1. When you look at Leu53, is it modelled with pLDDT of 90 or more, closer than 19 Å to Tyr127 by Cα and part of a helix (DSSP H, G or I), yes or no?
2. Could you pull out the residue among Gly176, Gly192 that is loosely packed, with under 15 Cβ neighbours inside 10 Å, at pLDDT 90 or above and under 30 Å from Thr207 (Cβ atoms)?
3. Take the conditions in a loop (DSSP other than H, G, I, E, B) and within 16 Å of the chain's Cα centre (by Cα) and apply them to Ala146. Does it pass?
4. Could you go through the stretch 91-111 and let me know if any residue there is in contact (Cβ under 8 Å) with a residue 24 or more places away in the chain, part of a helix (DSSP H, G or I) and under 12 Å from Ile40 (Cβ atoms).
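The values are calculated or read from the model by the stated rules, or taken from the named source; none is laboratory data. What you see is a predicted model; the values in this text were computed from it and never measured. Cβ: placed from backbone, ideal geometry, glycine included. Neighbour counts: every protein chain shown.
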Amino acid sequence: MFNALQQAWSKLTTRSDDQAIENQSLMERFHHRHRQYVVIGLGRFGSSVAETLVQFGHDVLAIDLDKERVQHLSTELPHVIQLDATNAEALEQIGVGNFDTGVVAISNDFESNLLATVLLLRFGVRYVITKARTRTQKTILENIGAHEVILPEHDAGVHWGRRLAFNHFVDYLEIGKGVGIVELVAPAKICGQSLSECNLRQKHGLTVIAIHRGEEVIVSPAAEFRIEGGDVLAVVGRIEDAENIST
């Protein structure tokens, strides 16, 4: 259904009435489908987001100004068009306000990133996520109303810094401010103890939700489950508490 949009990417940059009608018809058919995302800016971050959403079965309209990039990604993304996302008329033609979520990731031009964010908000996109490169950019984007502003490079640096600084960390996922799911190697001081005996919840504020033992994963282990050396614990709690568990 969306192949026609791929073939028509160049037409979206024109302004004839006939083409506007054609674009409107194409987008109406797109919006009859279930959940829609629009991703603007198809650099490494934006294209990865778009490809992942497609892999999980979501409808994604991917947009970039660069013709060669659009042509290259047309083999990976079913719905990709060349468009100037700072052009209000062009965004209106494709019915951008009907999308559930917008992701703006124009990395090399903050002014364009900012304007595209403003336009998505103006046209009524329900949830707008915007990429920033600095904390100053993050503050500006938050002030103009972006629902969520992310700093991927900063967040990745913090993530890897924590993993390297605490050698008992295997991995972690932050699910709230300072709170996350942490995979960590069982400290020697609790090996040989049952979960009730080591009492991580009371002593460290951590709840064990699963344990990796070799190839086996024990989900919601019982209180009498005994921890062995080499076990990897999946715990929920404050990341700072997980960092301090070995001290």
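1. yes
2. Matching residue, one of Gly176, Gly192: Gly192.
3. When the stated conditions are applied, Ala146 passes them.
4. Scanning the stretch 91-111, I find at least one residue that is in contact (Cβ under 8 Å) with a residue 24 or more places away in the chain, part of a helix (DSSP H, G or I) and under 12 Å from Ile40 (Cβ atoms), so the answer is yes.
Conditions tested, residue by residue: (1) buried (at least 16 other Cβ atoms within 10 Å of the Cβ); (2) part of a loop (DSSP other than H, G, I, E, B).
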site	(1), (2)
Ser48	no, no
Ala62	yes, no
Arg69	yes, no
Leu77	yes, yes
Thr86	yes, yes
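Conditions (1) among the small types (Gly, Ala, Ser); (2) touching a residue at least 24 places away in the same chain (Cβ under 8 Å); (3) surrounded by 12 or more Cβ atoms within 10 Å (Cβ to Cβ); (4) over 30 Å from Thr134 (Cα atoms), marked per residue:
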{"position": "Trp160", "(1), (2), (3), (4)": "no, no, no, no"}
{"position": "Leu164", "(1), (2), (3), (4)": "no, no, no, no"}
{"position": "Val182", "(1), (2), (3), (4)": "no, yes, yes, no"}
{"position": "Cys198", "(1), (2), (3), (4)": "no, yes, yes, yes"}
{"position": "Gln202", "(1), (2), (3), (4)": "no, no, no, yes"}
{"position": "Pro221", "(1), (2), (3), (4)": "no, yes, yes, yes"}
{"position": "Glu224", "(1), (2), (3), (4)": "no, yes, no, yes"}
{"position": "Ile227", "(1), (2), (3), (4)": "no, yes, yes, yes"}
{"position": "Glu243", "(1), (2), (3), (4)": "no, yes, yes, no"}
